[in-house]
Amino acid sequence: MVIKFGGKALSEGERTKQLAEKIIFELKNGKQIVVVVSAIGDATDRLIDYSLMACGERISPRDLDEILAMGERTSARIFTAALKAHGVNAEFLDPSDADWPIITDDNFGNANPIEMECIRRIRAKIEELFNENIVPVIPGFVGKTRREEITTLGRGGSDTTAFLVGKAIGASEVLLVTDVEGILSADPKIVSNSERIKEISAEKLMHLCDVGNKFLHRKALKFLDGSFKVRITSYKCERLDYEGTLIKGFANKNNTSRRNMLLAALTILTENASDISEVCSIILQATARNKIPVLMLTADVNALILYVHDKDAKKTARILHSDLLSNGKGKILSIAVKRGIAWTKVPCVEEENIPKEIETLKTCGEKLFSVFTIASNIHVLTEQNN
């Protein structure tokens, strides 16, 4: 089992002591455990602010990574000491070690693990420690290039470390211990009666990560391959494996998928910008009543574009024209239908790479009808030759 402690879970000495005791409970139940730790509390943010102020914001990414890594490296030393104080044979790993296992490229500040090399090195190191009945404690978020330069993995990097370790050792479960009871149905700061989600797929969680959910970062989710379960739970739970939110499955890794279907686009032009919401409501009611699958829907202040299966184009146009004229009270000007549109979806594109991917589409050799993004997915609609 891999157990990763977030910074807030480690933010107090007494809390860290209690977490060490919970590790001991799991060890007594016969589990082999690897511990991954984040920096204590808000140490990373404080190191960033301090460094930028001290250097007049002219610090190099390489130097900043060297500094930021000290948050996790210190946390690993403290947690190892806490385990030892309770009689546990524990050892922390450090990037200064010759056999440090997390090897990355040199993209300082947001380094990418060289996955297969990491897996090989992690497996060798952890098996060595397990054979000696030693509990490994690994600073998350930290990597090292092949030239021995310290790197950091970007926000959520400790989760990435935990997932790499879980995959390497064939763990049955990776526990992410934080200060919340799991993934919630809404931000409790906005929605007071939000509830814990008991289970969610990695693919669906990827969408939440793209729109502001900070329980997990999508970069870390890319390292889920479905070989182990992931559970987000709270340090407040009596036992670490109680309740929380179970994350199942795996996330797509930038595989372009062309749907085996043709789409039709129905453009509904409204009289006024204020009519959009009412017209949209009529459209959704009409399609639901007539069991017409809505594939996508986009809108601005002047028009809506409804995407349906190409075979449903004429039927949908007739139904919407009738409903909008009778119920829309003259609020639409026209409905235009474009058929024979191929839909290509490029899923799970890194946010910073979306502009580059869209630029590449200009040379695809097909006539583009539309390109838009939903979360990290790029949807490419091209006109087919009739």
Q: Please tell me if Thr80 is β-branched (Val, Ile, Thr) and surrounded by fewer than 17 Cβ atoms within 10 Å (Cβ to Cβ).
A: no
(Q) Whether any residue in segment 141-154 is of a type in the set (A, V, I, L, M, F, W, C), at negative phi and in contact with a Leu (Cβ under 7 Å, 6 or more places away or on another chain) is what I want to check. (A) no
Q: Go through the residues of segment 303-311 one by one and say whether even a single one is modelled with pLDDT under 90 and basic (Lys, Arg).
A: no
Q) Does Leu361 satisfy the condition of being touching a strand residue (DSSP E or B) at 6+ places or on another chain (Cβ under 9 Å) and either part of a loop (DSSP other than H, G, I, E, B) or modelled with pLDDT under 80 (or both)? A) yes
Q.
For a quick check of your reading of the model, give me the residue pairs whose first member lies in segment 27-52 and is in a helix (DSSP H, G or I), whose second is modelled with pLDDT under 95 and surrounded by fewer than 21 Cβ atoms within 10 Å (Cβ to Cβ), with beta-carbon atoms closer than 7 Å and at least 6 apart or on different chains.
A. Ser51/Ile59; Leu52/Ile59
Q: Would you be able to say whether some residue in segment 137-150 is in contact with a strand residue (DSSP E or B) (Cβ under 6 Å, 6 or more places away or on another chain), more than 25 Å from Ala20 (Cα to Cα) and among the acidic types (Asp, Glu)?
A: no
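The values are calculated or read from the model by the stated rules, or taken from the named source; none is laboratory data. In this text the structure is predicted, and so the values were computed from the model without any measurement. Ideal geometry is used to build each Cβ from the backbone, glycine not excepted, and the neighbour counts take in all protein chains shown.
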